[in-house]
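The values are calculated or read from the model by the stated rules, or taken from the named source; none is laboratory data. All values derive from a computational prediction rather than experimental measurement. Cβ placement follows ideal geometry from the backbone for every residue including glycine, while neighbour counts extend to all protein chains displayed.
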Amino acid sequence: MPAGDRIIEIASSPARIALDTGRLVIRRDGMPDSFVPVAEVGTVLLAHPQTIITTPAMQALMSAGASVMVCDSSLLPCGLMLPMSANTLQTQRMLQQVQATLPVHKRLWQQVVRCKIQAQSATLTSLHNDDGGLRLLAVRVQSGDPKNVEATAAVRYWPLLFRDPEFRRRHEAEDQNRLLNYGYAIIRAAMGRAICAAGLHPSLGIHHRSRSNPWCLADDLMEPYRPLIDHEVATLAAEYGRLCPLDPDSKRRLIAVLELRLSVKNKSPETRAVADMIQRTAQSLAKVYAKEADQLEYPHGQLNG
């Protein structure tokens, strides 16, 4: 019996998940109960530390072919429960992922880098009405990015972003880099959850390779979403200076990036939240590996609220 495709994520507030006549019932303090048919569920993501799920609910999910994922304090998945029978989708997708050829990965990395540079262009245009020629640079990205156009774009991008010719992207620096680190961690966690929910293995990257990094694929797919964090950090730096504190208010604003709405396609009225688009990006990669699509799905890049 195939699982459904709905993803239930418990992250923002504690909840209790139980079973009620073939439905999951989700109870939160001060809110009406939510009911979801078990047959519609593909993955349950337990990211809030005070979440409770009952054994009958887990048994029903396993019987329906769904998965249950537990996240750590960084909101990255640390454990995954899969059915021992009834669902071959996870195995099938991971096999397709492993069997993907080098030319496929090079073509995918070209798409990722091109979308990232286009997003950087959109960020600079939004902030300063000048993209420094990045949109034209994006066109030059070839399969696998052998000329490292990504790095060329970065050299132009960072000084323009903060209007500071001395700025360098350094993980350990005590300036805007602290806010960038925090914001990127938020995007990385969201992408990691989406990858696992899509039935893919997060350590098998498209471009990134590291024995010590279990999230290579998340680091690949999140690249075009980084400029959304850059935009908010640049706004904070303009308001409070380069030593803007990483306090509750700045953290709240960086977390809220996941709720921003983006254009799905160029000149399309349809918009979706960043968190939703991240899930669609991961699902689109699974479709590429299954030879059901040839393009990753990323937002057009224009902020809409």
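Computed quantities for the displayed model
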| item | result |
| --- | --- |
| Verdict on LEU95 being buried (at least 21 other Cβ atoms within 10 Å of the Cβ) and either in a loop (DSSP other than H, G, I, E, B) or free of Cβ contacts under 8 Å to residues at least 60 places away in the same chain (or both) | no |
| Subset of the range 214-257 [surrounded by fewer than 20 Cβ atoms within 10 Å (Cβ to Cβ), more than 21 Å from TRP158 (Cβ to Cβ) and touching a helix residue (DSSP H, G or I) at 6+ places or on another chain (Cβ under 7 Å)] | LYS251, ILE255 |
| Unique residue being closer than 30 Å to GLU40 by Cα, of a type outside the set (A, V, I, L, M, F, W, C) and either touching an Asp or Glu at 6+ places or on another chain (Cβ under 7 Å) or modelled with pLDDT of 95 or more (or both) when the list is GLY192, GLY199, GLY205 | GLY205 |
| Subset of the range 156-172 [over 14 Å from LYS116 (Cβ atoms) and of a type outside the set (Phe, Trp, Tyr)] | PRO159, LEU160, ARG163, ASP164, PRO165, GLU166, ARG168, ARG170, HIS171, GLU172 |
| Pairs with Cβ under 7 Å, 6+ apart, first in the range 176-193 and in the same structural domain as PRO159 (by TED's automatic domain parsing) and crowded, with 22+ Cβ neighbours inside 10 Å, second in a helix (DSSP H, G or I) and of a type in the set (Ser, Thr, Tyr) | LEU179/SER250; ILE187/TYR225 |
| Single unsatisfied condition, SER73 versus (1) part of a loop (DSSP other than H, G, I, E, B); (2) buried (at least 20 other Cβ atoms within 10 Å of the Cβ); (3) small (Gly, Ala, Ser) | (2) |
| Residue in the range 159-212 that is nearest to ALA286 (Cα to Cα), counting only those that are polar (S, T, N, Q) and assigned to a helix (DSSP H, G or I) | ASN181 |
| Residue list for the range 121-158, filter: assigned to a helix (DSSP H, G or I), among the aliphatic types (A, V, I, L, M) and more than 21 Å from GLN176 (Cα to Cα) | LEU134, LEU136, LEU137, ALA138, VAL149 |
| Residue list for the range 15-34, restricted to those being within 14 Å of ALA66 (Cβ to Cβ) and of a type in the set (Gly, Ala, Ser) | GLY22 |
| Residues (in contact with a Phe, Trp or Tyr (Cβ under 9 Å, 6 or more places away or on another chain) and without any contact (Cβ under 8 Å) to a residue 60 or more places away in the chain) located in the range 211-225 | MET222 |
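Condition check ((1) at pLDDT 90 or above; (2) more than 13 Å from the chain's Cα centre (by Cα)) across all residues:
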residue	(1), (2)
THR235	yes, yes
ILE255	no, no
LYS265	no, yes
PRO269	no, yes
GLN283	yes, no
LYS287	yes, yes
ASP294	yes, yes
GLU297	yes, no
ASN304	no, yes
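The rows are residues; the columns are (1) among the charged types (D, E, K, R); (2) in a helix (DSSP H, G or I); (3) in contact (Cβ under 8 Å) with a residue 12 or more places away in the chain.
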position	(1), (2), (3)
LEU236	no, yes, yes
CYS244	no, no, yes
LYS251	yes, yes, yes
VAL257	no, yes, yes
MET277	no, yes, yes
GLU292	yes, no, no
TYR298	no, no, yes
